[in-house]
Amino acid sequence: MSTHKLVLIRHGESEWNQLNKFTGWYDSKLSKKGENEALLAAKILQLNGFSFDFTYTSMLQRAIHTLWIILKKLNQSWVPVEKSWRLNERHYGLLQGLNKSDTELKYGEKQVHLWRRSYSTIPPAINISDPQFPGNDPRYSHIIFNYLPVAESLELTLKRVLPYWINVIKNRLKNNQKILIVAHGNSIRALIKYLSNISDEKIVDINIPTGIPIIYEFTKLVVPIKYYYLTNSSTSSVL
């Protein structure tokens with residue numbers, strides 16, 4: 001059976017990942033380890049013969065720079081890149097910048113787990129006067145004000161990712177274009193939940209590691225078949 005393949009990659013480790021902070025829409029740089037993870041992802045794709053016609057990423061540099069490293073290593077820097085706020089990480093509201101371990105001590109492990117992994121639980125929101133509100137960042141000046149988040153659950157993240165998938169990315173797959181998306185743990189989790197019809201309860205157990213390619217296979221009509229991690233040139237770890 002002929003299939004279309006989509007590659008999803010969570011950005012390499014960021015400096016705030018390294019510090020165990022809630023990052024969200026904060027524009028943290030890649031750590032050195034994150035740069036190496038991006039390079040390793042590119043090598044795995046190269047060993048498996050992947051090339052791309054079009055790529056998508058978020059408006060945050062940890063994802064953008066991961067994509068740049070991958071395309072450079074693949075000698076495909078010429079491939080078009082489209083950036084969208086709809087692929088950004090979920091906005092963690094007032095949690096952004098807080099150490100996760102310290103937050104567990106203050107609010108309890110169970111509450112923090114709900115904020116991090118559940119489908120519908122929304123963290124405490126920021127005020128629109130807060131510097132971390134995206135409306136105060138010029139890169140989002142073209143976005144309708146009411147679309148910009150003050151805090152998001154995974155459910156709200158999916159609601160902003162889904163129109164971009166349906167109206168933009170899916171159409172390129174239908175045209176048999178080879179697509180790479182470099183995004184974030186929760187924007188990728190949200191997309192996988194939708195594509196694989198994962199329940200609200202089971203999505204809690206799914207975590208997306210940094211820098212490891214995920215291959216999604218579709219029928220010619222772009223109906224999802226399966227997804228799996230690509231770990232080296234000869235084996236893949238089926239999810």
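The values are calculated or read from the model by the stated rules, or taken from the named source; none is laboratory data. These figures come from a predicted structure and were not determined experimentally. So basically every Cβ, Gly included, is an ideal-geometry build from the backbone, and we count neighbours across all protein chains shown.
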When you go through (1) at pLDDT below 95; (2) on the phi < 0 side of the Ramachandran plot one by one for ILE166, which number turns out not to apply? (1)
Residues in region 159-169 that are surrounded by 15 or more Cβ atoms within 10 Å (Cβ to Cβ), closer than 20 Å to VAL222 by Cβ and not hydroxyl-bearing (Ser, Thr, Tyr) total 3
Check region 204-220 and report whether any residue there is surrounded by 16 or more Cβ atoms within 10 Å (Cβ to Cβ), modelled with pLDDT under 95 and either among the small types (Gly, Ala, Ser) or not in a loop (DSSP other than H, G, I, E, B) (or both). yes
Filter region 75-90 for residues that are under 21 Å from ASN175 (Cβ atoms), surrounded by fewer than 24 Cβ atoms within 10 Å (Cβ to Cβ) and either in contact with a Gly (Cβ under 9 Å, 6 or more places away or on another chain) or not polar (S, T, N, Q) (or both) and give the result. TRP78, VAL79, PRO80, VAL81, GLU82, LYS83, ARG86
GLU82 fails exactly one of the following numbered conditions: (1) among the charged types (D, E, K, R); (2) farther than 17 Å from ILE212 by Cβ; (3) in a helix (DSSP H, G or I); (4) touching a strand residue (DSSP E or B) at 6+ places or on another chain (Cβ under 6 Å). What is the number of that condition? (3)
Of the criteria (1) of a type in the set (A, V, I, L, M, F, W, C); (2) outside any loop (DSSP other than H, G, I, E, B); (3) crowded, with 20+ Cβ neighbours inside 10 Å, which one LEU105 fails: (3)
Test set (1) in a loop (DSSP other than H, G, I, E, B); (2) more than 21 Å from VAL161 (Cβ to Cβ); (3) at pLDDT 95 or above - LYS72 fails condition number: (1)
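Taking the conditions exactly as written (in contact with a Lys or Arg (Cβ under 9 Å, 6 or more places away or on another chain), aliphatic (A, V, I, L, M), at pLDDT 95 or above and surrounded by fewer than 16 Cβ atoms within 10 Å (Cβ to Cβ)), does LEU156 satisfy them or not?
Details: in contact with a Lys or Arg (Cβ under 9 Å, 6 or more places away or on another chain): yes; aliphatic (A, V, I, L, M): yes; at pLDDT 95 or above: yes; surrounded by fewer than 16 Cβ atoms within 10 Å (Cβ to Cβ): no.
The answer is no for LEU156.
Output yes when any residue across region 28-50 is under 24 Å from ASP102 (Cα atoms) and either among the β-branched types (Val, Ile, Thr) or at pLDDT below 95 (or both), and no when none is.
Just the residues of region 28-50 that are under 24 Å from ASP102 (Cα atoms), to begin with: 28-31, 33-34.
Okay, now just the ones that are also either among the β-branched types (Val, Ile, Thr) or at pLDDT below 95 (or both), so none.
Scanning region 28-50 turns up no residue that is under 24 Å from ASP102 (Cα atoms) and either among the β-branched types (Val, Ile, Thr) or at pLDDT below 95 (or both).
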Identify, by number, the condition in (1) crowded, with 17+ Cβ neighbours inside 10 Å; (2) in a loop (DSSP other than H, G, I, E, B) that SER51 doesn't meet. (1)
Starting from region 38-49, take each residue that is of a type in the set (A, V, I, L, M, F, W, C) and list its partners that are modelled with pLDDT under 95 and surrounded by fewer than 17 Cβ atoms within 10 Å (Cβ to Cβ), counting only C-beta distances under 8 angstrom and pairs at least six apart or across chains. ILE44/THR231; ILE44/ASN232; ILE44/SER233; LEU47/ASN232; LEU47/SER233
Given (1) polar (S, T, N, Q); (2) free of Cβ contacts under 8 Å to residues at least 40 places away in the same chain; (3) surrounded by 21 or more Cβ atoms within 10 Å (Cβ to Cβ), identify the lone condition not met by ASN136. (3)
When you scan region 184-201, do you find a residue that is within 19 Å of THR231 (Cβ to Cβ) and either touching a helix residue (DSSP H, G or I) at 6+ places or on another chain (Cβ under 6 Å) or among the hydroxyl-bearing types (Ser, Thr, Tyr) (or both), even just one? no
Go through the residues of region 171-180 one by one and say whether even a single one is touching a His at 6+ places or on another chain (Cβ under 7 Å), β-branched (Val, Ile, Thr) and more than 16 Å from TRP85 (Cα to Cα). no
Of the residues that make up region 109-119, is at least one touching an Asp or Glu at 6+ places or on another chain (Cβ under 6 Å) and assigned to a loop (DSSP other than H, G, I, E, B)? yes
